[in-house]
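So the structure is just underneath, and the comments pick up after that.
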Amino acid sequence: MQVAGIVLFVLFIIISLSIGYKPGLEIYTNFISLLTKMIKILPCAFILIGLFEVWIKKQTVQNNFSGIRGYFFAILLSSSTMGGLYVAFPVAYSLCKKGVKMEFVFTYLFASAVFRIPMTIYEASFLGLKFTSIRLLATLPLIILASIFMGKYLDKNPHFGIQISRENRQ
Amino acid sequence: MQYFYLVTIVLLLISLIKDRHKTVAALKTAYRHFIKICRPFLFMIMLISVSLYFVPDSLLTEYLGKKNMLVGFISTSLLGSVILMPGFIAYPLCGILVKKGVTYTIISVFTTTLMMVGVLSYPVESEYFGRKITIIRNLLSYLIAIVIAVITGLIYGELF
């Protein structure tokens with residue numbers, strides 16, 4: 001579908017250019033200006049992401065979850081996660097099964113949505129460092145509070161825990 | 001923008017001095033990412049350039065700018081919660097929207113709900129953690145997104 005769309009678009013632009021169709025010309029100018037802006041940003045963003053992925057190895061911190069350090073490690077672990085929540089769910093689940101406390105599991109889960117470093121680099125390249133730092137600094141206390149809340153909630157209602165999980169259902 | 005290039009070049013040089021092979025590997029990774037998003041990226045830019053023709057800037061600033069903040073805020077937060085859009089597409093799109101006059105508050109609530117709240121990923125999440133936890137986590141995420149957006153709005157001076 002994307003390919004068809006691209007072909008159609010190119011045809012439309014070529015025809016518009018050759019017969020001087022006004023809306024087509026305007027869309028063409030939009031397109032070119034957006035494309036050049038993006039092309040300026042993309043290489044840098046991806047080179048930074050590439051460097052990060054090569055130099056920062058996947059953290060092996062799973063045994064260090066305790067006390068304040070637990071939050072730190074949960075966030076560290078999440079920051080090197082690639083892919084969104086879909087990748088984080090199974091990892092969080094396996095942390096659960098390894099006996100990591102639920103608050104840290106949730107810290108990991110929340111953080112992997114918003115603290116992934118490659119995505120953060122990418123975000124900052126398009127929206128600016130100010131926007132990204134505000135977001136990161138504001139999120140940090142919030143997700144820790146939220147995970148403490150969820151940990152407490154699960155301690156009180158243990159039957160909501162991972163008993164209803166994949167393996168037990170099958 | 002220049003700083004961005006400067007930082008990239010400096011880091012690249014440091015990496016090159018420290019380890020040539022790793023640097024090559026990093027560049028290869030960069031290239032792989034680039035190729036992977038090329039087509040959806042091109043497609044997105046095409047869609048945006050067509051939409052921008054039909055949706056004039058004034059309309060964007062009217063509904064996603066400072067005027068009708070609340071309506072725009074609520075609708076974008078819901079939109080962000082429901083749709084699935086990879087960050088590799090969402091952030092450039094938001095970058096364009098900001099230049100068109102959409103507020104950072106709106107952008108913030110959109111990207112944060114997009115990343116943290118997953119209405120469509122509910123089936124997967126509840127497979128792992130059960131329904132109740134999934135619902136609570138998503139509600140909390142939604143609240144967090146709203147707080148973050150409000151903080152962003154306050155710092156950018158868009159709210160008052």
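Table for the structure above
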| item | result |
| --- | --- |
| Qualifying residue in segment B:99-116 (condition: aliphatic (A, V, I, L, M), without any contact (Cβ under 8 Å) to a residue 12 or more places away in the chain and either in contact with a Gly (Cβ under 8 Å, 6 or more places away or on another chain) or assigned to a helix (DSSP H, G or I) (or both)) | no |
| Single residue of segment A:61-98 satisfying the filter (touching an Asp or Glu at 6+ places or on another chain (Cβ under 9 Å) and of a type in the set (A, V, I, L, M)) that is modelled with the highest pLDDT | A:Ala74 |
| Selection status of A:Tyr108, assigned by TED's automatic domain parsing to the domain that holds A:Asp155 and assigned to a helix (DSSP H, G or I) | yes |
| Residue that is touching a Lys or Arg at 6+ places or on another chain (Cβ under 8 Å), farther than 30 Å from B:Ile135 by Cα and either more than 9 Å from chain A (Cβ to nearest Cβ) or of a type outside the set (Val, Ile, Thr) (or both), where the choices are B:Asp57, B:Asp19 | B:Asp57 |
| Close pairs (7 angstrom Cβ cut-off, 6 or more residues apart or separate chains): outside the structural domain of B:Phe43 (by TED's automatic domain parsing) and of a type in the set (S, T, N, Q) in segment B:74-98, buried (at least 16 other Cβ atoms within 10 Å of the Cβ) and in a loop (DSSP other than H, G, I, E, B) anywhere | B:Ser81/B:Val117 |
| Matching option when the condition is among the aliphatic types (A, V, I, L, M), surrounded by fewer than 16 Cβ atoms within 10 Å (Cβ to Cβ) and in contact with a Cys (Cβ under 9 Å, 6 or more places away or on another chain), among B:Val7, B:Val24, B:Val71 | B:Val7 |
| Members of segment B:14-69 found to be among the acidic types (Asp, Glu) and either outside any loop (DSSP other than H, G, I, E, B) or within 24 Å of A:Leu34 (Cβ to Cβ) (or both), listed by number | B:Asp57, B:Glu62 |
| Top-ranked residue of segment A:9-27 - restricted to ones that are of a type outside the set (Val, Ile, Thr) and at the interface with another protein chain (Cβ under 8 Å from one of its Cβ atoms), ranked as surrounded by the fewest Cβ atoms within 10 Å (Cβ to Cβ) | A:Pro23 |
| Of the criteria (1) surrounded by fewer than 17 Cβ atoms within 10 Å (Cβ to Cβ); (2) β-branched (Val, Ile, Thr); (3) assigned by TED's automatic domain parsing to the domain that holds A:Leu154, which one A:Val91 fails | (1) |
| Any hit, segment A:101-113, residues being farther than 20 Å from B:Tyr142 by Cβ, without any contact (Cβ under 8 Å) to a residue 40 or more places away in the chain and within 9 Å of another protein chain (Cβ to nearest Cβ) | no |
| Unmet requirement for B:Leu79, which otherwise passes all of (1) modelled with pLDDT under 90; (2) surrounded by fewer than 17 Cβ atoms within 10 Å (Cβ to Cβ); (3) in a helix (DSSP H, G or I) | (1) |
| Single residue of B:Val109, B:Val98, B:Val117 found to be over 29 Å from A:Ala146 (Cα atoms) and at pLDDT 90 or above | B:Val98 |
| Filter result for B:Leu52 (touching a residue at least 12 places away in the same chain (Cβ under 8 Å) and either within 9 Å of chain A (Cβ to nearest Cβ) or surrounded by 16 or more Cβ atoms within 10 Å (Cβ to Cβ) (or both)) | yes |
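The values are calculated or read from the model by the stated rules, or taken from the named source; none is laboratory data. This one's a predicted model, so the numbers in the text were calculated from it and none came from an experiment. Cβ sites come from the backbone with ideal geometry, for glycine too, and all protein chains shown count toward neighbours.
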